[in-house]
Amino acid sequence: QVQVVESGGGLVQPGGSLRLSCQASGSIRTIYTMGWYRQAPGKQRELVTSITRGGNINYADSVKGRFTISRDNARNAVDLQMNSLKPEDTALYFCNVDATTVYNYARTFYWGQGTQVTVSS
């Protein structure tokens, strides 16, 4: 199996910054796409950003120019730098890993438990 652990959430004032980190571990064979999703109260989970193994990046329109995703393939890790945060960025942020394991060659999505980001004055 694959374990996914997020860290770095917290409370920040509007206009502030936070950096989220995600670490995948376990019986990993290959990690393909890594991404960040978020879910605000009463809303559906939405894609924030994703990055492929080769470095192709996709951002939601709402975060373009403010958020930056980066990935370290050697460490099976992905970070999310969030700048110019707005109250509407408040949500539970989840890391998602698309991977195969040494026991399961089928690509499977693995999720972390989420880290809370609250933007408020």
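The values are calculated or read from the model by the stated rules, or taken from the named source; none is laboratory data. On a predicted model such as this, the values are computed, not experimentally measured, just so you know. Cβ atoms come from the backbone with ideal geometry, glycine included; neighbour counts cover every protein chain shown. Keep in mind that these areas ignore ligands, DNA and RNA; they rest on the heavy atoms of the full protein, side chains included. Shrake-Rupley method; radii C 1.70, N 1.55, O 1.52, S 1.80 Å.
Quick notes
- Filter result (within 13 Å of residue 31 (Cβ to Cβ) and in contact (Cβ under 8 Å) with a residue 24 or more places away in the chain) within segment 51-93: 51, 71, 73, 75, 76, 77, 78
- Filter result for residue 71 (over 12 Å from residue 117 (Cα atoms) and surrounded by 18 or more Cβ atoms within 10 Å (Cβ to Cβ)): yes
- Applying the criterion of being within 20 Å of residue 58 (Cβ to Cβ) and assigned to a loop (DSSP other than H, G, I, E, B) to the residues of segment 87-121, the residue that is farthest from the chain's Cα centre (by Cα) is 107.
- Test: residue in segment 38-48 that is in contact (Cβ under 8 Å) with a residue 24 or more places away in the chain, assigned to a strand (DSSP E or B), in contact with a strand residue (DSSP E or B) (Cβ under 6 Å, 6 or more places away or on another chain) and not charged (D, E, K, R): yes
- Residue match in segment 19-35 (condition: touching a Pro at 6+ places or on another chain (Cβ under 9 Å), in contact (Cβ under 8 Å) with a residue 24 or more places away in the chain and not in a strand (DSSP E or B)): no
- Residue match in segment 33-41 (condition: over 18 Å from residue 99 (Cβ atoms) and surrounded by 15 or more Cβ atoms within 10 Å (Cβ to Cβ)): yes
- Of the residues 102, 63, 97, the single one that is open to solvent by 50 Å² or more (accessible area, probe 1.4 Å) and hydrophobic (A, V, I, L, M, F, W, C) is 102.
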